[in-house]
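The structure that follows is given in the form of structure tokens.
The values are calculated or read from the model by the stated rules, or taken from the named source; none is laboratory data. Nothing here was measured: the structure is a model prediction, and the numbers come from that model. A quick note on method: Cβ atoms are made from the backbone with ideal geometry, for glycine too, and the neighbour counts reach across all protein chains shown. Just the protein is used for accessible areas: all its heavy atoms, side chains included, with ligands, DNA and RNA removed. Shrake-Rupley method; radii C 1.70, N 1.55, O 1.52, S 1.80 Å.
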Amino acid sequence: MSIYTCTGYKHFGAEPPLSFHNRHGEQDFRDNMLYLSVAFSDWKHDREMLRFVLDTHFNCFSAKFMEKAIQPYVQANQTPQLHLLIWQHSRDTQGKLKLSIGTGEPVVERFGQESVSAQQYIASRRAYYAGEYARYEDEEKDEARRWELRERDRAERRRKREAKAGGTNTPKPAS
């Protein structure tokens, strides 16, 4: 089995834009893609390796379904270089995994963007999610700082109240 390319991205959680204040429903959205460019020199043996790759990246994707999809390309127990694209996007695929397979490199067009290669699309989505997670972490840190300042201010006000109350209600010494 020759793997020429194996790349992808995976997001499972809140639908972007990610927000610290909108954390409900975090497990409702999926945006995943795996691009695998592969050729099989011994299909009967190599499909076990393919099953391992699929189990590693998409353990809920049926290896038997993939084997059926590849079967038309098998000649004399070998295949040409194949381009497999597995993706899932909650809005586009209603949560199901989709497969594209062929001998030409797949082109992706989603969200009204221009058509780009699967590898370019994956690189752009990785960068997008890296930016989203960084922004989310910054938002979370800012919220923690605000909480810390509020707690410090409350403690200071409480200390002042207690000092003021202690100064006016101090017990008089017994004579």
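Of the chain, which part is the longest with no trypsin sites (Lys or Arg not before Pro) in a loop (DSSP not H, G, I, E, B) and with at most 16 other C-beta atoms within 10 angstrom?
Maximal segment without exposed cleavage sites: 24-95.
What range in the chain is the longest one free of GluC sites (Glu not before Pro) that are in a loop by DSSP and have at most 16 other Cβ atoms within 10 angstrom?
Counting at most 16 other Cβ atoms within 10 Å as exposed, the longest clean stretch of the chain is 27-108.
Let me ask you something else. If you roll a 1.4 Å probe over the chain with all protein chains in place, what percent of the accessible area is carbon or sulfur?
Result for the chain: 51 percent of the exposed heavy-atom area is carbon or sulfur.
Follow-up. Percent of Cα-Cα pairs more than 20 Å apart in the chain, please.
65 percent
Under 23 Å Cα to Cα from LYS96, which lysines show up? Leave out anything in the same chain fewer than 8 places away.
In chain and number order, the partners are LYS10, LYS64, LYS68.
Could I ask something else about it? Could you tell me which chymotrypsin sites (Phe, Trp or Tyr not before Pro) in segment 75-154 are loop residues by DSSP with no more than 12 other beta carbons within 10 angstrom of their beta carbon?
Of the chymotrypsin sites (Phe, Trp or Tyr not before Pro), the ones in loops of segment 75-154 whose Cβ has at most 12 other Cβ atoms within 10 Å are PHE111.
Still on this structure, please answer the following. Just going by the charge dipole of the chain, with Lys and Arg at +1 and Asp and Glu at -1 on Cβ, which of VAL38, GLY95, GLY8 is farthest out on the positive end?
GLY95
Continuing with the same structure: What 222 nm value per residue comes from the helices of the chain, counting each DSSP H run with n ≥ 4 as -39,500 (n - 2.57) and dividing by all residues, nearest 500 deg cm²/dmol?
-15500 deg cm²/dmol
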